[in-house]
Amino acid sequence: MKIALRLLLMALGLLIGAVVLEAGLRCRTAYDNRRVQLAMGKNPSGEVQMGEIVRFIPNRRLVYGFRPQLEVKFQGEPLQTNKEGFRDGDHPLETPAGKRRVRQGDPLLAPGEE
């Protein structure tokens, strides 16, 4: 009986810990989302933080992407984005005849790496 009670208390403790962790992570996500929304009305320049250079993306798997037309410093490194928000030069939207375009991912959290 004592072992069953201990196991029950342990399971209850783990469940409460998981609920507290989930609540904390949801609060942190809400705070980060609010920071991004507040920064959307500003034009960042100079040294910036992550919340100032990202925007929400309709693709639910990505969530965030770089804001377009940036020319700032992030973590001491220069960061420039094109009109689509990629760290690359501008490209025409139309694909030339006989050519295919392949887009590789743009690592959001690793600016400055090639």
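List every residue pair whose Cβ atoms lie under 7 Å apart, where the two residues are 6 or more positions apart in sequence or sit on different chains, the first residue falls within the stretch 29-45 and is free of Cβ contacts under 8 Å to residues at least 40 places away in the same chain, and the second residue, located anywhere, is aliphatic (A, V, I, L, M).
36/54; 44/53; 44/70; 44/72; 45/72
Would you call residue 38 hydrophobic (A, V, I, L, M, F, W, C) and not in a loop (DSSP other than H, G, I, E, B)?
Spelling it out, residue 38 is indeed hydrophobic (A, V, I, L, M, F, W, C) and not in a loop (DSSP other than H, G, I, E, B).
Which of (1) touching a Gly at 6+ places or on another chain (Cβ under 9 Å); (2) modelled with pLDDT of 85 or more does residue 57 not meet, given it meets every other one?
(2)
Could you check how many residues of the stretch 49-108 are in a loop (DSSP other than H, G, I, E, B) and of a type in the set (Phe, Trp, Tyr)?
The number of residues fulfilling the criteria is 1.
The values are calculated or read from the model by the stated rules, or taken from the named source; none is laboratory data. For clarity, every value in this text was computed on a predicted model and none was experimentally measured. A quick note on method: Cβ atoms are made from the backbone with ideal geometry, for glycine too, and the neighbour counts reach across all protein chains shown.
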